[in-house]
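The structure appears right after this line, and notes come after that.
The values are calculated or read from the model by the stated rules, or taken from the named source; none is laboratory data. What you see is a predicted model, and the numbers here were worked out from it, not measured in a lab. Positions of Cβ are generated from backbone atoms using ideal geometry, with glycine treated the same way; all protein chains shown enter the neighbour counts. Just so you know, the surface numbers come from the protein's heavy atoms only, side chains and all, with ligands and any DNA or RNA stripped out. Shrake-Rupley method; radii C 1.70, N 1.55, O 1.52, S 1.80 Å.
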Amino acid sequence: MAMSRRTQGIAMAISFVKSLIIQRSSILPASSRCLSDAVSSEVVISHTAKWMQDTSKKSPMELINEVPPIKVEGRIVACEGDNDPALGHPIEFICLDLDEPAICKYCGLRYVQDHHH
């Protein structure tokens, strides 16, 4: 008896998954690989155009470039983007051997080695 309930449960789960697949294929084009493809390109273009028309706000790159390079005593710095791990990014170890500031590939913060002479 328990085996038949388990079999019924598996059959119901398979039926449910099949119905999801059928629904997805009827909603999205066959070439789409994920649900993000369902977003209309017109929505993205109009959003970007609206954002670019507002010249009173600075772009994210302009804002991050206003932050002066962070001076570090060692040769290597570990950038996490923010002190709060929930707001940061994956840790990136950056080598500071060059004279020009090194830039974090995730957040754009710049680091430079502070030479004590």
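Of the strands (runs of 3 or more DSSP E) that lie entirely inside the range 71-117, those containing 3 or more residues that are touching a residue at least 24 places away in the same chain (Cβ under 8 Å) span 110-113. Taken as a whole, the structure leaves residue 25 outside the set of residues that are modelled with pLDDT under 80, over 25 Å from the mean Cα position of the chain (by Cα), of a type in the set (S, T, N, Q) and within 23 Å of residue 108 (Cβ to Cβ). Only residues that are modelled with pLDDT of 90 or more, of a type outside the set (Phe, Trp, Tyr) and loosely packed, with under 14 Cβ neighbours inside 10 Å were counted across the range 70-117, and they come to 12. Taken over the range 81-117, the criterion of being under 20 Å from residue 61 (Cβ atoms), out of contact with any Asp or Glu (no Cβ under 7 Å at 6 or more places or on another chain) and charged (D, E, K, R) is satisfied by 82, 92, 100, 110.
Condition check for residue 67 on (1) open to solvent by 100 Å² or more (accessible area, probe 1.4 Å); (2) among the β-branched types (Val, Ile, Thr); (3) in contact (Cβ under 8 Å) with a residue 12 or more places away in the chain: one failure, at (1).
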